[in-house]
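The values are calculated or read from the model by the stated rules, or taken from the named source; none is laboratory data. All figures in this text were calculated on a predicted structure; none of them were measured in a lab. In this analysis, Cβ positions are derived from the backbone assuming ideal geometry, glycine residues included, and neighbour counts consider all displayed protein chains.
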Amino acid sequence: MSNEKSTEYIEELVVKINKLNREDQAIWGKMNVSEMMHHCSKFIDLYLGEIPLPKWYKIFGVSIGKLFLWYVSKLDPSKTPRNLRTDKRIMVNDKSFDFEEQRSLLLRKIKGLSKLSGTINHPIYGKMSSDKIIFLIWHHTSHHLCQFGVDQNQ
């Protein structure tokens, strides 16, 4: 990892994920807290290229998608539009996920981001720095933590 800010993003997420509890209710959206953590774990998998995507995703992502990234990255995660369409590969619809298992999985994936460095070939947006990937994962995960009342600025 090349950026001190990336380390801060990872540490911030770990602290905030540890504030969640199984009784937390969503302020908006349909997922419960365990589903949200599973969704965020799948999002990390997608961003690291561990979930196969059709070729047209990259064509779209490299052209028009970078404009979307620019727009979203300028927003505070709590201000990111809610209920955006979710790709079926990371859509979650299973209320039976175990809270502690999902938290452990998400924390492991978040902490694993510290091993990223250099340029990553993002499966949708093409070549990106590891710091940009970490920022986007932080942004997405922070957005969902806000969904469950874990304030962006706590």
Q: Within segment 82-101, identify whether any single residue is under 22 Å from E8 (Cβ atoms), at pLDDT 90 or above and not hydroxyl-bearing (S, T, Y), and answer yes or no.
A: no
Residues in segment 124-154 that are touching a residue at least 12 places away in the same chain (Cβ under 8 Å), surrounded by fewer than 18 Cβ atoms within 10 Å (Cβ to Cβ) and over 22 Å from K79 (Cβ atoms) total 2
Expected output for segment 95-107 (first residue in contact (Cβ under 8 Å) with a residue 40 or more places away in the chain, partner surrounded by 12 or more Cβ atoms within 10 Å (Cβ to Cβ) and outside any helix (DSSP H, G or I), Cβ below 7 Å, 6+ apart or cross-chain) is K95/N32; F99/R22; R103/L20
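Taking segment 44-65 as the region of interest, how many residues are outside any helix (DSSP H, G or I) and either in contact with a helix residue (DSSP H, G or I) (Cβ under 6 Å, 6 or more places away or on another chain) or surrounded by 14 or more Cβ atoms within 10 Å (Cβ to Cβ) (or both)? Give the derivation first.
The first filter runs over segment 44-65 and keeps only residues outside any helix (DSSP H, G or I), leaving 48-54.
Applying the additional criterion that residues be either in contact with a helix residue (DSSP H, G or I) (Cβ under 6 Å, 6 or more places away or on another chain) or surrounded by 14 or more Cβ atoms within 10 Å (Cβ to Cβ) (or both) yields 48, 51, 53.
Result for segment 44-65: 3.
For segment 89-112, name all the residues that are crowded, with 16+ Cβ neighbours inside 10 Å, under 15 Å from the mean Cα position of the chain (by Cα) and in a helix (DSSP H, G or I).
The initial filter retains those residues of segment 89-112 that are crowded, with 16+ Cβ neighbours inside 10 Å, namely 90, 92, 97, 99, 102-103, 105-107, 109-110.
This time we only want the ones that are under 15 Å from the mean Cα position of the chain (by Cα), so: 90, 92, 102-103, 105-107, 109-110.
Those that are crowded, with 16+ Cβ neighbours inside 10 Å, under 15 Å from the mean Cα position of the chain (by Cα) and in a helix (DSSP H, G or I): Q102, R103, L105, L106, L107, K109, I110.
Picking from I120, I110, I134, which residue would you name as being within 24 Å of F68 (Cβ to Cβ), at pLDDT below 95 and out of contact with any Cys (no Cβ under 8 Å at 6 or more places or on another chain)?
Working: I110 fails: at pLDDT below 95; I134 fails: at pLDDT below 95.
The unique qualifying residue is I120.
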Filtering segment 113-144 down to residues that are assigned to a helix (DSSP H, G or I) and over 14 Å from F43 (Cα atoms) yields S114, K115, S130, D131, K132
Of the residues that make up segment 22-37, is at least one surrounded by fewer than 13 Cβ atoms within 10 Å (Cβ to Cβ), free of Cβ contacts under 8 Å to residues at least 12 places away in the same chain, under 17 Å from M128 (Cα atoms) and more than 13 Å from the chain's Cα centre (by Cα)? no
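Being modelled with pLDDT under 80 and among the polar types (S, T, N, Q), is that true of even one residue in segment 28-51?
no
Mind listing whichever residues of segment 126-142 are at negative phi and either acidic (D, E) or more than 8 Å from the chain's Cα centre (by Cα) (or both)? Give the derivation first.
As a first pass, look at segment 126-142 and keep what is at negative phi: 127-142.
Hits for segment 126-142 are K127, M128, S129, S130, D131, K132, I133, I134, F135.
Evaluate segment 32-47: report whether one residue or more is of a type outside the set (S, T, Y) and either farther than 26 Å from D98 by Cα or in contact with a strand residue (DSSP E or B) (Cβ under 6 Å, 6 or more places away or on another chain) (or both). Before you say what the answer is, go through the steps one by one.
Of the residues in segment 32-47, the ones of a type outside the set (S, T, Y) are 32-33, 35-40, 42-46.
Of the ones still in play, those that are also either farther than 26 Å from D98 by Cα or in contact with a strand residue (DSSP E or B) (Cβ under 6 Å, 6 or more places away or on another chain) (or both) are none.
Taking every residue of segment 32-47 in turn, none turns out to be of a type outside the set (S, T, Y) and either farther than 26 Å from D98 by Cα or in contact with a strand residue (DSSP E or B) (Cβ under 6 Å, 6 or more places away or on another chain) (or both).
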